[in-house]
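Enquirer: Sending over a structure as structure tokens; questions will come in a sec.
FYI, it's all coordinate maths here, none of it is from the lab. All values derive from a computational prediction rather than experimental measurement. Cβ atoms come from the backbone with ideal geometry, glycine included; neighbour counts cover every protein chain shown.
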Amino acid sequence: AFWAVLICCVVVGSLSPAASPVMAAVGRLRINDKVMHFCAYLALSLLPVVGFKDRRAGLKAGLSMFLLGILMEAGQHFSPGRAVELGDVLANGAGVTCGALLGQPIRTLLAVL
């Protein structure tokens, strides 16, 4: 359930116009844009890898977040004041990769406990 909520938050944040209250609030966080992308997609990838009962399905769901990142970045083309950035796609991909890689040993550790 938390994963679905996080997906919704990323979609809203990704597609909100630049002048929206959502983007104003994000701007007040004073966190580097690429760091936010990396962290969001790390969590989006990590949660299903760790949480799904079927390991393979969790890994597929986690890695599919890279496609979500590409689609959200492409969708910014249609959002007023937003721009498509290759750096954001790369940060998303790095986050997805790290989330999937970190999720495997965490999943194994949780299975042992």
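Enquirer: Subtract the Cα-Cα distance of VAL35 and ALA111 from 0.36 nm times their separation in residues, and report this length gain in nm to one decimal.
Expert: Values: separation 76, 0.36 × 76 = 27.36 nm, distance 3.02 nm.
Stretched out fully, the VAL35 to ALA111 stretch lengthens by 24.3 nm.
Enquirer: Quick one: compute the contact order of the stretch 10-112, relative version, from alpha carbon pairs under 8 angstrom and 6+ residues apart, as a percent.
Expert: Value for the stretch 10-112: 39 percent.
Enquirer: Quote the FRET efficiency, to the nearest 0.05, computed for PHE78 versus ASP54 with a Förster distance R0 of 30 Å and r equal to the Cβ-Cβ distance. Don't jump to the answer; show the numbers that get you there.
Expert: Numbers: r = 35 Å, r/R0 = 1.18.
The formula returns an efficiency of 0.25 here.
Enquirer: ³J(HN,Hα) across the stretch 31-45 via Karplus (A = 6.51, B = -1.76, C = 1.60, θ = phi - 60°), whole Hz, x for Gly/Pro?
Expert: Each residue's phi maps through the Karplus curve to give 10, 3, 4, 5, 5, 4, 4, 4, 5, 4, 6, 4, 5, 4, 7 Hz.
Enquirer: Still on this structure: What are the ³J(HN,Hα) couplings of the stretch 56-62, residue after residue, when phi is run through the Karplus curve with 6.51, -1.76, 1.60 and θ = phi - 60°? Round to Hz, x for glycine and proline.
Expert: Residue by residue, the stretch 56-62 yields 5, 5, x, 5, 4, 4, x Hz.
Enquirer: Now a separate question. Compute the distance in nm between two label points, each set 7 Å from the Cα along the Cα-to-Cβ direction, one at ALA25 and one at LEU90.
Expert: Once both label points are built, they end up 3.1 nm from each other.
Enquirer: In the set (i) 2, 13, 27, 28, 21, 8, 1; (ii) 2, 13, 21, 23, 18, 11, 7, 4, 1, 0; (iii) 2, 10, 16, 19, 19, 17, 11, 4, 1, 0, which value of P(r) over Cα pairs in 5 Å bins from 0, in percent was calculated from the structure you see?
Expert: Here the calculated entry is (ii).
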